[in-house]
Amino acid sequence: MASEILINVRPFETRVAYVVGGVLNELKIERKSSPTLVGTIHRGRVIRVLPGMQAAFVDIGLEKAAFLYVGDIRADFDENAFENESDEEIILEETDPRPQQPQIPIQDLISEGQHILVQVAKDPLGTKGARLTTHISLPGRFIVYLPTVRHLGISRKITDDAERERLRKRVVALNPPGGMIIRTAGEGASEESLRNDIEYLDRLSKEIFKSYEKKKTPGPIHTELDVELRALRDLLSEDVTAVYVDDLEAHKRIIKFINQLMPKYKQNVMLYQDKKPLFDLYDIELEISRSIDRKIWLKSGGYIVIDEAEALVVVDVNTGKYVGKKDLDETILKTNLESVKEIAHQLRIRNCGGIVIIDFIDMTKEGHREKVMALLNDELKKDRAKTNVISMSTLGLVEMTRKRISPSLVKTLCEPCRYCDGKAYIKKKSTVALEIFRGLEREWSHLDNRKVKIFVHCHSEVIDWIYEVESENLAFVENKIGQPVNFKAETHYHIEQYEVFMI
C-alpha cells in the first residue's frame, strides 16, 4: 500500500509521521530538551556491583546512574580488547544475535571502578536510569553491524525461504569482520549494497573504539542520527511514494543524507511550503490528541480504555453504545474484532512497551476466541517493535509483551497531574470532612481538659460541605470536645489538605 513520510521540524521539536493509505501508522516525536539516548555509545565507569541482583550501576556522564544487567555483558568482556580476531566460521543465528553462553556471575565479569564501553539500550523511564549493554550494535540501511561478535541473523519478517538462503550465502561470501543482522529492508539487497554497509559500519566501529581509548572520563563517544534521519533510514522503502519536509535546513540535510545512503529515493523528497500545517494533511494532530486520551471510541459505538503504568499497560474492551443486531455472541465478537485493530494501532502510535494485558469481552465460543487471537497476531505483524502474544485465558485476558526502547507518547507529551499527583483520583469532600472530625477528637484527647480555642484551616469547598451536609456530625464532635470549632478557608490549599490548631 502507498505510504508517505511527513517530517515536521521546529526549533524545539521534530515529529515524523509514517502514513499508510492516509492513516497514521507510526509516529516519532523528539524534543530538543529531551532527546533519546538509545543507540548512543559511552565510556562508562562501574560505580557499584550488586551480586544479589546480578546487575551493576554505571556512570556514563548522566545525572542518574545507568543500569547494566549481567545478561547484557559479553562473557569474553575485556575493557581493553574490542576487535574479535577469531577466524571461526560464521554462525547464522535465527533468534538472538548474541551468542548463547553459560551465565557467569556479574562479580566475575566486572568490578567497581572499572571502565567499560557500553551502549544505551533503553531510555531512562520514571525513576529508572538508562539500561545499558556491552553488545554494541550499529544500524545501517540494510544491516545492523555487531562489531564485538561473529554471530549473524536475518530479520524474521523476511519470510521467503529462497531469499533467506540467498542472503545467507551472500553474507558467508562477504565474511564480515564482525557480526551482523540483516534488516527487513535488506530483502532483495545486492551483494554490493551489503558490502557497502558492512565497510562503512566497520570503519565507524573502529573510530568508536579509538575515541573510547582517548576519552578518560565517563561520557558519550558516539551519538545516533537525528530523529528525521533515523526515520528515513528505517522507514524509507519502495512503498514510500513521497517524503514531505516543512523546513528548508532540514530538507538540505535530508537530501545530503539520501544522496549518500539511498540516492534512488532523492526524487521522492519534497520541501513542503503550503500555508496549511503539514500535520493537518491527514488529521495527524487530531490522531495525536486521540492517542493520549484514556478512552478510545470504536466506529460501532463500543470503546476501549487504555491505562498506562510504569511497566504495564492495561486495555479494557467494552460494548458501550453498540447493542448489535442478531444475538449477544455476535455483538461481543464484532466488538472484540473491531477493538483488535484499534488496540494494535494504538500500541504503535502510543509506543507502549513492557507487559500489555488486554481484557476482551468474555466469549463463550471457542471459535470466536480463535478468530480474535488470529486477527490480533495478524495486526501485530505490522508492528516494527518486537511483540510476543500468549494465548487467551478462560477469562478473556490476553497477556502480551511489546519491546520498550523509548518513552511512550503519553510519557513524552504529558506529565502527572499536579493536583492528584498522578493518582488519577482525589479524596471526596466527605472523606476529608470525616478525617477532620477524627483529627479534632485525636488532638482533643491530648489536652487534659484544658480550655482552648480550636481552629481548622482547610479548602473552602470542604467547609461548605461540612456546614451544608455534615452539620450533624460537626455538632456531635463539638459536643464531645466541649468547644466550638472555627473554620478558616485557605484558597491555596489542596482540597485534601487541612490543619488543626488549638490555642
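Numbers for the structure displayed
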| read-out | value |
| --- | --- |
| Residue check, residue 143 surrounded by fewer than 21 Cβ atoms within 10 Å (Cβ to Cβ), under 25 Å from residue 43 (Cα atoms) and at pLDDT 90 or above | no |
| Among residues of the stretch 442-490, those that are at pLDDT below 90 and acidic (Asp, Glu), counted | 2 |
| Subset of the stretch 1-22 [of a type in the set (A, V, I, L, M, F, W, C), surrounded by 14 or more Cβ atoms within 10 Å (Cβ to Cβ) and more than 15 Å from residue 251 (Cβ to Cβ)] | 17, 19, 20 |
| Top-ranked residue of the stretch 216-270 - restricted to ones that are crowded, with 16+ Cβ neighbours inside 10 Å and in contact with a Pro (Cβ under 9 Å, 6 or more places away or on another chain), ranked as farthest from residue 5 (Cα to Cα) | 224 |
| Leading residue by the ranking (surrounded by the fewest Cβ atoms within 10 Å (Cβ to Cβ)) among those in the stretch 464-503 that are among the hydrophobic types (A, V, I, L, M, F, W, C) and within 19 Å of residue 419 (Cα to Cα) | 489 |
| Residue tally, condition without any contact (Cβ under 8 Å) to a residue 60 or more places away in the chain, outside any strand (DSSP E or B) and closer than 20 Å to residue 424 by Cα, over the stretch 294-321 | 3 |
| Pick from the stretch 35-52, criterion of a type in the set (A, V, I, L, M) and surrounded by fewer than 16 Cβ atoms within 10 Å (Cβ to Cβ), ranking: farthest from residue 221 (Cα to Cα) | 50 |
| Matching residues in the stretch 1-19 - criterion: being assigned to a strand (DSSP E or B) and free of Cβ contacts under 8 Å to residues at least 40 places away in the same chain | 13 |
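Residues checked against (1) closer than 30 Å to residue 185 by Cβ; (2) surrounded by fewer than 16 Cβ atoms within 10 Å (Cβ to Cβ); (3) aromatic (Phe, Trp, Tyr):
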residue: 381; (1), (2), (3): yes, yes, no
residue: 390; (1), (2), (3): yes, yes, no
residue: 394; (1), (2), (3): no, yes, no
residue: 405; (1), (2), (3): yes, no, no
residue: 410; (1), (2), (3): yes, no, no
residue: 416; (1), (2), (3): no, yes, no
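The values are calculated or read from the model by the stated rules, or taken from the named source; none is laboratory data. These figures come from a predicted structure and were not determined experimentally. Every residue, glycine among them, receives a Cβ derived from its backbone with ideal geometry; neighbour counts consider all protein chains shown.
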